[in-house]
Amino acid sequence: MVLKALLFDVDGTLADTERDGHRPAFNQAFKEYGLDWHWDEAMYGKLLTVTGGKERIRYYVECFCTQDESQLGFDDMVSELHRIKTRYYTAILSEGRIPLRPGVKRLLQEARTSGLRLAIATTTTPENVTALLRHSLAEDAVGWFEVIAAGDVVPAKKPAPDIYQFALRELGLPPSECLAFEDSENGLKSSIGAGLRTVVTLNGYTDEQAFGGALAVLSDLGEPHAPCHVLAGDTQGSGWVSVELLQRWAEA
Ligand code: XBP
Ligand code: MG
């Protein structure tokens, strides 16, 4: 099948945003709101099993703290907390503190030169995507993506396939003419659930998860001067993921 589009997850795939971006933003929001909650790296790793910042706060209350979530106004509190957190997170991004992962900018530029269409399919909030693209990729990078499917635009977040199905509908393409890029088990379940062959690039929070069904499992997308490590799949001797390799994978 001819490859026509690439669909990218954001957090953990385009950039390592969780430990030093989202996590401190949550903690700053808790402090501003007057809560004594603090998510250290280990706790946050446990909470990442739930996608979606609002859902993650609810999961924390349910499983890890004594707060009574049935109290009146709990939903309003979660929404307000998440709005504050998003303000802190986009501020962290605007200071350029979260760089793109290896090979991401190179592959995106190659894809554009090759005429491949680009889309995003993420659980995170849309304004977080805009901030990351603008401050870590290029000022005009939002325009590189034909579709930015993000956050609450679908009822069910990853691992449900909804966000990828939404992006494919917006692209008007069948999954067979596309490839997806993910970093987590939840993300891979979502993309495979939408029928998409998927390249996984691991990170510190996901390197012990299960990635059965992935087209390849790599340390990152690689650079000519810094080849990636191949944990599963066949990069046919290449040390980095190029459009040419993706086209070979798509047509295999
Ligand atoms: C990762 C997520 C998001 C972020 C936090 O999304 O699950 O919820 O952790 O962002 P993906 P929000 O890997 O699909 O990009 O607080 O805006 O949800
Ligand atoms: Mg991710």
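Each value in this text was obtained by applying a stated rule to the coordinates, not by laboratory testing. Bear in mind the structure is a predicted one, so any value in this text is a computation, not a measurement. So basically every Cβ, Gly included, is an ideal-geometry build from the backbone, and we count neighbours across all protein chains shown.
Using Cα-Cα distances under 8 Å and only pairs 6 or more residues apart, what relative contact order does the chain have, in percent? Before the final figure, lay out each step's value.
Numbers: 433 pairs, mean separation 57.7, N = 252.
Once divided by the residue count of the chain, the mean separation gives 23 percent.
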**Report entry** Net length gained if the chain between residue 232 and residue 94 were fully extended (0.36 nm per residue, minus Cα distance)
**Finding:** 46.2 nm
Query raised in the report: FRET efficiency for residue 210 and residue 109, Cβ-Cβ distance as r, R0 = 35 Å, nearest 0.05?
Result: 0.65
Query raised in the report: Suppose R0 equals 25 Å; then what is the FRET efficiency for residue 156 and residue 40 from their Cβ-Cβ distance, rounded to the nearest 0.05?
Result: 0.30
Report summary line: Filtering GluC sites (Glu not before Pro) in region 1-97 by DSSP loop and by at most 16 other Cβ atoms within 10 Å leaves 69, 95
Query raised in the report: Per residue, how much space in cubic angstrom lies within the convex hull of the C-alpha atoms of region 18-94?
Result: 81
Query raised in the report: In nm, to one decimal, how far is the modelled label at residue 139 from the one at residue 32, with both set 7 Å along Cα→Cβ?
Result: 2.7
Requested in this report: Calculate one ³J(HN,Hα) per residue across region 232-246 by plugging θ = phi - 60° into the Karplus curve 6.51 cos²θ - 1.76 cosθ + 1.60, and present them in order as whole Hz with x for glycine and proline.
Outcome: 7, x, 10, 8, 6, x, 7, x, 8, 8, 10, 4, 4, 5, 4
**Report entry** Translational diffusion of region 147-252, µm² s⁻¹ [Kirkwood Rh, Cα pairs; Stokes-Einstein; 25 °C; 0.890 mPa s]
**Finding:** 172
**Report entry** the chain - share of DSSP beta bridges that are antiparallel (%, nearest 5)
**Finding:** 15
Requested in this report: Tell me the label-point distance for the pair residue 71, residue 247, using the 7 Å Cα-to-Cβ offset, in nm and rounded to one decimal.
Outcome: 6.0
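For region 159-252, which GluC sites (Glu not before Pro) pass both filters: DSSP loop (anything but H, G, I, E, B) and at most 12 other C-beta atoms within 10 Å? Present the calculation step by step, with values, prior to reporting the outcome.
On the way: sites: 170, 177, 182, 185, 208, 244, 251; in loops: 208.
Answer in residue order: 208.
Can you give the Rg/Rh ratio of the chain, where Rg is from the C-alpha atoms and Rh is the Kirkwood radius? If you can, show how the numbers build up before the last one.
Working: Rg = 18.0 Å, Rh = 18.5 Å.
That ratio equals 0.97.
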Query raised in the report: Along each of its three principal axes, how wide is the spread of alpha-carbon positions in region 70-127, in whole angstrom units, largest first?
Result: 54, 24, 15
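Based on the Cα gyration tensor of region 73-171, what are the three equivalent ellipsoid semi-axes, each the root of five times an eigenvalue, rounded to whole Å and given largest first?
Values: eigenvalues 131, 75, 18 Å².
Whole-Å semi-axes of the equivalent ellipsoid: 26, 19, 9.
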Query - 3J(HN,Hα) from dihedral phi, region 141-148, Karplus parametrisation 6.51/-1.76/1.60, rounded to Hz, x for glycine, proline - result: 5, 4, x, 6, 9, 5, 9, 10
